[in-house]
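One structure is given here, and the rest of the page talks about it.
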Amino acid sequence: MERKVEQSRHTLVLAEKPEAARRIAEALDQKGKAARLDMRGVPYFRAENNGRTIVVVPALGHLYTVAQERGRRDYYPVFNYRWVPKYVENGRDKQVRTFIEAIDELSRGASERINACDYDIEGSTIGYTILKYACGEKERDAKRMRFSTLMDQEIQDAYRSLSPSLDLNLVEAGLTRHEVDWLWGVNLSRALMLAAKHWSGRYATLSTGRVQGPTLNFLVEREKEIRSFVPTPFWNLNAKAEIGDALYDVAYENEKIPKRDLASKILEETSGKDGTIEDIQVKSYHQAPPTPFDLGSLQSDAYRHFGYTPSRTLNIAERLYLSAFISYPRTSSQKLPPAIGYADILRSLGKRKEYKDLVEIVLSKRDLKPQEGKKDDPAHPAIYPTGNAPQTALSPPEEKLLDLITKRFFAVFGDTALRQSMRVVIKVNGHTFYLSGRRILKEGWLKLYQPYAKEDEVVLPTLEIGQRIPLRQVAIEDKFVQPPPRYNPSSVLRLMEEEGIGTKATRASIVDTLYDRGYVRDERMVVTDLGFTVTETLERNSPRIVSVKFTRELEEKMEKIETGSELRENVLAEAIGRLKPILEELRSRETSIGQTLSEAIRRAQLEKRIIGPCPRCRTGNLIIIYSRKSGKRFAGCTNFRNGTCQAAFPLPQHLYGVKPARRSCKVCQWPMVEVKPKEKRPWNLCLNPDCPSKAKYRRNEG
Ligand SMILES: [Zn+2]
Ligand SMILES: [Zn+2]
């Protein structure tokens with residue numbers, strides 16, 4: 001095979017992703033148009049800069065991973081590991097091999113090597129492992145390029161002010177994190193899986209980890225609170241005040257009346273009566289502009305406004321970053337340094353007609369000073385729009401997220417808003433009712449952050465003390481004290497952040513893993529029986545695995561490596577030292593752990609097949625059954641086994657995914673299944689062959 005090797009003594013620049021490589025090459029080329037080349041399918045770019053050839057080659061994120069050094073995969077503890085190409089550990093990562101080969105080849109003629117991967121611990125680790133393993137120990141004299149946006153100017157500046165060496169503290173911190181997480185993940189997960197396998201003879205995927213264990217434990221604790229919650233009833237009074245021609249909601253002084261009798265008595269004493277205004281309390285308060293987005297607050301706002309999960313938001317934000325529409329999103333900073341050039345960005349954004357008026361408001365201010373938060377990040381500022389205008393249409397989610405980030409950028413420069421709240425005290429026959437009003441006196445930043453800032457105004461007419469107010473529509477409402485709410489993917493991420501576990505780069509994927517393993521389900525996260533059992537088994541046998549304190553302490557030590565105040569060797573030795581006794585505890589109780597987990601796995605597998613109660617016998621459950629004879633699937637009753645119920649209904653065959661819909665038919669109350677054709681939206685199918693909804697459908701068809 002012909003080997004095409006770069007001839008000249010060029011500079012090799014390593015980028016984290018292909019799109020980043022293209023932008024870097026175009027920014028560094030003196031004519032602004034780098035040549036796109038190809039080596040065995042790997043795209044790379046050649047730029048000319050002041051007589052020097054620069055070859056920019058992309059990675060695909062991490063190309064190397066931690067793996068067991070030698071030995072079988074069916075035992076623990078394992079403490080011997082090394083960094084290997086990802087395809088060695090996982091045969092599916094075939095593309096990684098061609099990338100490593102291409103980088104190796106392009107590195108050979110180079111006289112200078114630069115890591116230009118994202119500037120954070122992951123990017124530093126990606127570049128380091130590639131320079132060390134793919135380029136043959138070239139990490140020692142490699143340089144580091146640092147930037148927060150993929151804008152031409154910033155890339156050119158970064159190239160002119162290269163760091164003469166790799167950022168070794170970040171590299172050490174990154175290597176340590178991956179190694180510690182591997183040690184914990186592999187050993188604990190193997191302990192669980194092998195315990196279950198030795199008991200049942202079957203293999204099932206179970207996992208826990210340094211961050212995953214405590215995170216699931218938070219959810220389990222909340223689930224226990226919810227399940228043990230005893231709902232106490234209370235009553236409250238709804239009423240309206242008639243002022244002029246309009247009716248306004250008023251609230252009774254006691255929002256939780258403990259006895260029905262008491263509520264009825266108050267109703268009797270106030271219904272249809274006239275009240276008198278006894279007091280009018282007016283309060284004004286300032287509302288400061290929001291702080292710029294760090295990743296956590298962007299994820300939480302995108303969830304609130306658009307319903308995007310944290311991992312989805314991170315994906316969209318990364319695409320916007322690679323297209324140079326926003327700055328680097330994996331940041332924990334809530335600060336915007338003047339060096340980013342506020343006015344230039346605003347003027348660029350103002351060229352889009354939907355932002356023109358808002359930009360004028362911001363630019364008319366005498367000095368531009370952003371409201372900043374406390375959190376900082378040594379590597380990047382908060383997330384901000386670069387001002388680059390999309391040349392082609394963005395996807396709707398990209399468009400939405402970019403709009404949110406842009407408006408937030410405007411809002412942080414806005415004036416403090418002034419709001420006023422008003423509470424009118426109305427006395428009716430010895431009882432007190434409150435009428436509340438809310439007004440915005442000075443809009444300030446609220447105007448810049450629409451529709452994302454609430455402007456819920458209730459403007460009251462002019463009122464005076466002593467005024468007579470008739471009470472209308474007084475009614476009693478039955479209520480129950482609510483249990484604490486379930487976590488959702490966004491609030492659990494905030495909790496992890498508050499508790500100091502995981503990193504901004506990893507938290508979202510840990511939440512995804514909880515779903516993938518079947519430990520939780522639904523958007524309002526419900527812990528499954530399997531999730532409960534895994535956590536309780538760990539807690540009973542080795543409470544430190546699910547202890548947040550234990551994880552946080554290790555987390556703090558790892559953070560210290562980033563600043564050079566802790567050594568990687570110490571942290572690794574400590575992690576292993578903490579892990580060893582835990583693994584011994586788990587091994588000594590392998591039989592009972594294996595039994596508990598195996599039973600939970602069996603229940604989980606059955607639960608996945610249960611569609612709902614059998615409408616024929618009303619004692620069994622309909623489950624999804626695969627016929628051994630025909631290979632076809634159908635819904636059959638669990639009472640078939642004891643011969644008391646023959647109920648069986650056809651299900652759509654292969655080409656469709658079928659699972660329990662977890663709801664019953666609105667028309668006939670029979671259980672339903674969710675049917676999902678490949679690459680299409682799922683729909684719900686009622687199992688009742690005589691369901692009236694189907695008859696209607698058939699008539700329409702005929
Ligand atoms: Zn039945
Ligand atoms: Zn039906």
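The values are calculated or read from the model by the stated rules, or taken from the named source; none is laboratory data. Predicted model only: the values in this text are computed from it and were never measured. Ideal geometry is used to build each Cβ from the backbone, glycine not excepted, and the neighbour counts take in all protein chains shown. Ligands, DNA and RNA are stripped out before the accessible areas are found, and what is left, the full protein with its side chains, is counted by its heavy atoms. Shrake-Rupley method; radii C 1.70, N 1.55, O 1.52, S 1.80 Å.
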Accessible surface of residue 413 - all protein chains present, 1.4 Å probe, nearest 10 Å²: 0
Averaged per residue, the 1.4 Å probe accessible area of the range 219-326, protein heavy atoms only, in Å², is roughly 50
Cα-projected label distance for residue 418 with residue 480, points at 7 Å along beta-carbon direction, nm: 4.7
Principal axis dimensions, the chain - Cα atoms, whole angstrom, descending: 94, 82, 64
Rounded, prolate or oblate: which one fits the range 206-266, using the alpha carbon gyration tensor with axes a ≥ b ≥ c (rounded when a/c is under 1.5, else prolate when a/b beats b/c, else oblate)? oblate
Determine, at each q value in 0.17, 0.20 (inverse angstroms), the log₁₀ of I(q)/I(0) that the Debye formula gives when each Cα of the range 615-701 is one equal point scatterer. -0.77, -1.03
Calculate the length of the line joining the C-alpha centroid of the range 252-299 to that of the range 645-691, in whole Å. 45
I'd like the accessible area for residue 516: 1.4 Å probe, protein heavy atoms, all chains in place, Å² to the nearest 10. 120
Label 7 Å along Cα→Cβ of residue 368; the range 386-414 residues with amide nitrogen under 16 Å? 386-389, 406-414
Note on the range 321-370: alpha-carbon gyration tensor, axes a ≥ b ≥ c; rule is a/c under 1.5 for rounded, else prolate if a/b larger than b/c, else oblate; result oblate
About the Cα centre of the range 506-574, how large is the charge dipole given +1 on each Lys and Arg Cβ and -1 on each Asp and Glu Cβ? Please answer in debye to the nearest 20. 140
Between 639, 649, 601, whose Cα lies farthest towards the positive end of the dipole of the range 555-696 when Lys and Arg beta carbons carry +1 and Asp and Glu beta carbons carry -1, centred on the Cα centre? 649
With a 1.4 Å probe and all protein chains left in place, how much accessible area per residue does the range 548-702 have, in Å²? 65
Would you mind giving the average projected area, over all directions, of the Cα convex hull of the range 48-172 in nm² with one decimal? 9.1
Lys, Arg +1 and Asp, Glu -1 on Cβ, resulting dipole of the range 613-702 about Cα centre, debye, nearest 20: 140
Explain nothing, just compute: Karplus ³J(HN,Hα) = 6.51 cos²θ - 1.76 cosθ + 1.60, θ = phi - 60°, for every residue of the range 309-317 in order, whole Hz, x for Gly and Pro. 5, x, 6, 5, 4, 4, 4, 5, 4
The size of the Cβ-based charge dipole (Lys, Arg +1; Asp, Glu -1) of the chain about the Cα centre, to the nearest 20 debye, is 2860
For the range 295-412: rounded, prolate or oblate by the Cα gyration tensor [a/c cutoff 1.5]: oblate
Taking the dipole about the Cα centre of the range 416-540, with the C-beta of Lys and Arg at +1 and of Asp and Glu at -1, give me whichever of 501, 480, 467 is farthest to the positive side. 467
Carbon plus sulfur fraction of accessible area for the chain, probe 1.4 Å, in percent: 49
Return the distance in nm (one decimal) between the two label points of a simple spin-label model at residue 97 and residue 452, each offset 7 Å from Cα along Cα→Cβ. 4.5
Quick one: if the Förster radius is 56 Å, what FRET efficiency do residue 230 and residue 75 give, using the C-beta to C-beta distance and rounding to 0.05? 0.75
Net charge within 13 Å of residue 466 by Cβ-Cβ distance, Lys/Arg positive one each and Asp/Glu negative one each, not counting residue 466 itself? -2
Suppose accessible area is computed on protein heavy atoms with a 1.4 Å probe; arrange 362, 230, 458 from highest to lowest. 230, 458, 362
Placing each pseudo-label 7 Å from Cα in the direction of the beta carbon, residue 467 and residue 255 end up separated by a distance in nanometres of 2.5
Per residue, the convex hull volume that the Cα atoms of the range 121-270 enclose (Å³): 318
Extreme residue, positive dipole direction of the range 295-412, given options 325, 362, 380 (C-beta unit charges): 362
Which value, in Å² and to the nearest 10, is the accessible area of residue 335 when all protein chains are kept and the probe is 1.4 Å? 60
